[in-house]
Ligand SMILES: [Zn+2]
């Protein structure tokens, strides 16, 4: 038993909200709608341009590409650049929502999660009856790959720390740490934009990639490595690491449920985030899945069942709720 600030209930939105923006890869205009969804359905992406197809669950098992952004797919339905929207949903506290797109990618907007946070605030959070299931870290897990190190430690909350080291004077070494709450996420992280060296952006264009990328949605670092090309300058002096933390939060949201733990990522990107999540799930003696409960003004949790660990991957998508419910019934009855 532990006392937490995390609301024990699942949440969706009060109403549907929409926006239009360009896709980073295609440069095409894309309409995005975020709709309320039932309990235990999780976040699902639907492609309205493909007709009546099944949605793609926003889950780590569906990730097919992590090179420039995180792309998920199921059968022929593909959605690219999920991370900033997923970060906003996680940061605001949305467990269940249906995302509709009329193209193959989430619009890049201004390169941050700020516009999505504004949309979500307009929709408003709606509390649902079902309780949250969270992944609670019980033992430290360390993942390393080359220069990258990602570790997660037991913690009664969700804390995210990041660290980057670049060989230039504008980024250099930066670190940032945040104990996640909707207010803090909105204020400190959501508005941090994606970034790249100007010659990297040019190379992407030369290869027909990032056609929608421009100074309105990506920070372009000058050849001099001391300034940026964008008018208005940086939104935060450490905007770069704040954006890396944003990306990490968005990718971790693909676990399919909130996490109780402190994650510390050094020199990590989308590819390493995914590899870390796989390593974490494989380390099944280092975590448990707990259902939250209401107790006065506090939230508490109890372990669902140690046998759920053995179910590993099959269990993790809590939007496939059947096995979870069966276990809950057994726990509550005993
Ligand atoms: Zn990003």
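Values in this text are rule-based calculations from the coordinates and carry no lab data. This one's a predicted model, so the numbers in the text were calculated from it and none came from an experiment. All Cβ positions, even for glycine, are placed from backbone atoms using ideal geometry, and neighbour counts span all protein chains on display.
Counting Cα-Cα pairs of the range 208-262 in 10 Å increments starting at 0 gives whole-percent bin shares of 18, 38, 28, 15, 1.
Roughly what % of DSSP beta bridges within the chain run antiparallel, to the nearest 5? Restricted to the chain, the bridges split so that about 75 percent are antiparallel.
Helix 114-123 and the longest principal axis of the C-alpha atoms of the chain enclose an angle of approximately 40°. Enter the angle in degrees (range 0 to 90, nearest 10) between the Cα long axis of helix 83-92 and the first principal axis of the Cα atoms of the chain, meaning the one along which they spread out most. The helix 83-92 is inclined about 50 degrees to the chain. Show me, bin by bin at 20 Å from 0, the whole-percent P(r) of the chain based on Cα pairs. The percentages, shortest bin first, are 32, 59, 9, 0.
Relative to the dominant Cα principal axis of the chain, helix 239-252 is inclined by about 40°.
Averaging over all projection directions, the Cα-based convex hull of the range 103-233 occupies 11.6 nm² in the image plane. Taking all Cα pairs closer than 8 Å and separated by 6 or more residues, the relative contact order of the chain comes to 24 percent.
Ordering 46, 236 from the fewest to the most neighbouring beta carbons within 10 Å gives 236, 46.
Working from label points 7 Å from Cα in the Cα-to-Cβ sense, the residue 293 to residue 215 distance is 5.8 nm. By the beta-carbon count within 10 Å of each Cβ, the least crowded to most crowded order of 190, 33, 177, fewest first, is 177, 33, 190. Springs between Cα atoms under 10 Å define the GNM used for the chain, and in it the highest mean-square fluctuation of 169, 26, 284 occurs at 169. Going from the fewest other Cβ atoms within 10 Å to the most, the residues 108, 221 appear in the order 221, 108.
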